[in-house]
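**Q** Encoded as structure tokens, here's the structure I'll be asking about.
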Amino acid sequence: MPATELERRLIELGFVEGADVEVLHQGLFGGDPIAVRVAHTTIGLRRREAMAILVSVGAEP
Amino acid sequence: MSVTAPTIASPGADSPASASAPVVALVGNPNCGKTALFNALTGSRQKVANYPGVTVEKKVGPLTTPAGRTVRIVDLPGTYSLRARSPDEEVTRDIVLGRTQSDVIPDLIVCVADASNLRLALRLVLELKQVGRPVLLSLNMMDIARKRGIEIDAEKLSRELGIPVVTSVAVRRGGTDALLAEIDRRLAAAQAATGTLWTTPDATALRRAQKEADRILASVVKGQGKPDSLTTRVDAVLLHPVAGLIVLLAILFVMFQAVFAWAEPGMDAIEALFHFLGDLVERLPLPALLTSFLKDGLIGGVGSVIVFLPQIVILFFFILLLEDLGYMARAAFLMDRIMGGAGLHGRAFIPLLSSFACAIPGVMATRVIDDRRDRLTTILVAPLMTCSARIPVYTLIIGAFIPDRQVWGLVGLQGLVMFGLYTVGIASALGVSFVVKRIIWRGKPGEPFMLELPDYKLPQVKSLAIGLWMRATIFLKRAGTIILSMMILIWVLATFPQPPEGATEPAINYSLAARIGTAIQPLTEPLGFNWQINVALIPGMAAREVAVGSLGTIYAISGGEEATDKIAETLGSQWSLATALAFLAWYVYAPQCAPTLAVIRRETGGWRWLWVTFFYMVTLAYVAAFLTYRIAVAFGGG
Ligand SMILES: Nc1nc2c(ncn2[C@@H]2O[C@H](COP(=O)(O)OP(=O)(O)OP(=O)(O)O)[C@@H](O)[C@H]2O)c(=O)[nH]1
Ligand SMILES: [Mg+2]
């Protein structure tokens, strides 16, 4: 999938700059996929796509 | 079962009388309750379930508003944006933008939002406002939002968005009153559609819109702070990397044990009823031929299928319960790695799961998959999932050949074998998709898996009951139509021509059925099939369960000393174990279902994939039955 398309899909699921994210669960095999809570929505996605999201730890809640 | 997702068409849904009525389209994120609202508004019974991607096509239903206006309500597949990334989302985009051939062009768009999960919905509202048609926002699931202490200032939200905002509870009586009143008010105002300003947004535009949505959200919503605590606690177990998988297996396991253990009393009752009917017919002073038609053909044939009603109902009880609870998306999450390893798309899980009911809605549900090759792979393997029409076949053979005893003290052997057959179906689907992906469509990286995991919900008892009732009706309707007509055919074939005077062999040996069955014999000999099985396979193409009824009729007509009116006992005495196992293996793979093939043709837009499916399945079935038979014979099961 082209990077621009992936970017748009992630934004459509609520992954925009400034949103709080929290990894809730991980799969058994290689910790994949992961369940991420972004704002108040829980999304299951694979690590490969999640790698496109830049997160800073411990930022102001 | 080869019937589409349960649908009771609303009367006059597309009739010319209502063709000029204004159109109100329900648009919103997946799983926000559009179909539940549609059902509440129009009195329809479209499928509602707690996972994203249930609805994959548009549905139109009539509604008379409190002001007496006739309106056509349109239910659409859920979407996060109008960009339309998959076939189901294209349906929504085309209707919203008025790009369709049909006359279903919305005069009013009702944007439905899950009030307990507003964030993504608000961005969609901003997009819908650009379309140039009147829009109103319905904050659905208000009951859940309230319970969680989420307070939404609807008036302020309306001012911020510049569109009317109402609240609704789709699953409660009177829960749509405010929405109905607002629909009336909007249609009375009769705003004309203006030209659309919508263009496909790029990342920058989407980002800007989401930020704007977040700003509005922060200003109108209080108490969004805490996520659903029940969901969090339950997921700690159900999505746990190890415990989650164990629970998933355990659920499946209990399901198949229950299908056997709980069905017994119901089956006995139905069996007794048909036995009674058979006796009754026999006592009537009727010509022998008519008695045979009624007793062997109708009662014996159809009855032997209807006996499996309790099993079907139990299976669907579990499936519907899991769907309504919100477990399905979790199962997809847990299975993703395994499915991905087999080359299946991340969203293939739910279509494949639907195929446990019937491959037809399963094949249709693949519309949520964006990539064409991934979609084709899923369509190809969907018929390998054990559909509910196989249950009568499996149960009959298992009941006749597998002893009803406990293994390790607590699990029934019969349920275990059933579980095994399901597992073989799943494993084969994974295997075929692996081969297709690696060998035929080489080297394409896997598509992403991104799936919203909805909060758990307590199932509505009423909707569960309706769902079960509809499943039971579909099954009985099939028994009364396709299966009944095939039984009549089989009875005729097995009865005529009548034996000549002074015939020495059993009458059925002179019939057309015996001749047809014997003619195919060379083909199926290596599989250990007898001519009775051969004959049962042909009408079995119309519907899988027909094979059970056909065997019932054929053996009932054959009569003879070993034959009892219990078909299972007859088979037990007439077939070898090896034959029975080969027959099961055949049914795991064989494309014994013409309606499924027809849907594959329709959904893929051509004959090619129909034939690909047919030939690969026949080949697998033949090889599997052959090997099973040989191995069983080698182990002394001949
Ligand atoms: N408590 C409550 N549950 C609701 C309400 N509306 C819908 N539900 C439930 O929410 C779930 C999703 O409802 P659907 O109507 O299938 O959602 P949808 O928007 O049609 O979903 P897709 O077809 O997948 O886009 C189901 O379990 C419904 O029973 C509501 O107002 N209150
Ligand atoms: Mg729906």
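The values are calculated or read from the model by the stated rules, or taken from the named source; none is laboratory data. Worth saying up front: this structure is predicted, and the values here are computed from it rather than measured. Note that each Cβ is placed from the backbone with ideal geometry, even for glycine, and that neighbours are counted across all protein chains shown. These area figures cover heavy atoms from the full protein model, side chains too; ligands, DNA and RNA do not enter into them. Shrake-Rupley method; radii C 1.70, N 1.55, O 1.52, S 1.80 Å.
**Q** Using θ = phi - 60° and the Karplus relation 6.51 cos²θ - 1.76 cosθ + 1.60, list the HN-Hα couplings for the range B:541-556 in order, rounded to whole Hz, with x at every Gly or Pro.
**A** 5, 5, 6, 4, 4, 4, 4, 5, x, 4, 4, x, 5, 4, 6, 5
**Q** Separate question: Roughly how crowded by other chains is peptide A:22-34, in terms of the mean Cβ count from those chains within 10 Å of each of its Cβ atoms?
**A** 5
**Q** Okay, which of the range B:69-108 sit inside 18 Å, backbone N to the point 7 Å along the Cα-Cβ direction of residue B:130?
**A** Residues B:79-86, B:90, B:92-99 qualify, since their backbone N sits under 18 Å from the label point.
**Q** While we're looking at this one, here's another question. Calculated FRET efficiency, residue B:439 and residue B:147, Cβ-Cβ r, R0 35 Å, to nearest 0.05?
**A** The pair residue B:439/residue B:147 has a calculated efficiency of 0.10.
**Q** If you stretched the chain out fully between residue B:64 and residue B:465, how much longer would it get, using 0.36 nm times the residue separation minus the C-alpha to C-alpha distance?
**A** Gain on extension, residue B:64 to residue B:465, equals 141.7 nm.
**Q** Sticking with this one: Starting from the 7 Å offset along Cα-to-Cβ, what nm value, one decimal, do you get for the label separation of residue B:602 and residue B:373?
**A** A separation of 2.8 nm, rounded to one decimal place.
**Q** What does the accessible area per residue of chain A come to in Å², with a 1.4 Å probe and no ligands, DNA or RNA counted?
**A** 53
**Q** Then there is this: State, to one decimal in nm, how far the label point of residue B:156 lies from the label point of residue B:264, with both points 7 Å from Cα in the Cβ direction.
**A** 6.2
**Q** Determine the principal axes of the Cα atoms in chain B, then give the extent along each, sorted from largest to smallest and rounded to whole angstroms.
**A** Each principal axis gives a Cα extent; for chain B these are 92, 54, 47 Å.
**Q** Once you place label points 7 Å from the Cα toward the Cβ at residue B:211 and residue A:28, how far apart are they in nm?
**A** Taking the simple label geometry, residue B:211 and residue A:28 are separated by 4.4 nm.
**Q** Rounded to the nearest 100 Å², what's the accessible area chains B and A bury against each other, both chains counted, probe 1.4 Å?
**A** For B against A, buried area totals roughly 3500 Å².
**Q** Given contacts defined as C-alpha pairs under 8 Å and at least six residues apart, what's the relative contact order of chain B, whole-number percent?
**A** It rounds to 13 percent for chain B.
**Q** Something else now. Put +1 on the Cβ of every Lys and Arg and -1 on every Asp and Glu Cβ in the protein assembly as shown; which of B:623, B:369, B:311 then has its Cα farthest towards the positive end of the dipole?
**A** Towards the positive end, the residue furthest out is B:369.
**Q** Related question: Relative contact order for the range B:16-222 using alpha-carbon pairs under 8 Å, separation at least 6, rounded to a whole percent?
**A** Rounded, it is 22 percent for the range B:16-222.
**Q** Grab the eigenvalues of the alpha-carbon gyration tensor for the protein assembly as shown, scale each by 5, take roots, and send me the semi-axes largest first in whole angstrom.
**A** With the √(5λ) rule applied to the protein assembly as shown, the semi-axes are 51, 29, 22 Å.
**Q** Computed FRET efficiency, Cβ-Cβ of residue B:509 and residue B:488, R0 22 Å: what is it to the nearest 0.05?
**A** After rounding, the FRET efficiency stands at 0.55.
**Q** Let me ask something else. Using a Förster radius of 45 Å, what is the FRET efficiency between residue B:291 and residue B:250 based on their Cβ-Cβ separation? Nearest 0.05, please.
**A** So the FRET efficiency works out to roughly 0.35.
**Q** Quick one: what are the phi-derived ³J(HN,Hα) couplings along the range B:408-425, Karplus 6.51/-1.76/1.60 with θ = phi - 60°, whole Hz, x for glycine and proline?
**A** Per-residue couplings from phi come out as 6, x, 10, 10, x, 5, 4, x, 5, 5, 4, 3, x, 5, 4, 4, 4, x Hz.
**Q** Tell me which residues come under 5 Å, amide H to amide H, from residue B:168 once H is placed; ignore anything under 5 positions away on its chain.
**A** B:139, B:140, B:141, B:142
**Q** Run through all the Cα pairs of the range A:3-50 and give the fraction in each 5 Å bin from 0, expressed as whole percent.
**A** It works out to 5, 22, 30, 24, 14, 5, 0, in whole percents.
**Q** Using Cα-Cα distances under 8 Å and only pairs 6 or more residues apart, what relative contact order does chain A have, in percent?
**A** After rounding, I find 25 percent.
**Q** Give the long-range amide H neighbours of residue B:452: residues separated by 5 or more places, or on another chain, with amide H under 5 Å away, using H modelled in the peptide plane at 1.01 Å from N.
**A** Residues meeting the criterion, in which the H sits 1.01 Å from N, are A:44.
**Q** Taking amide H positions as placed in the peptide plane 1.01 Å from N, state which residues far from residue A:25 in sequence (5 or more) or on other chains have amide H under 5 Å from it.
**A** For residue A:25, whose amide H was placed from the backbone, the distant partners under 5 Å are A:35.
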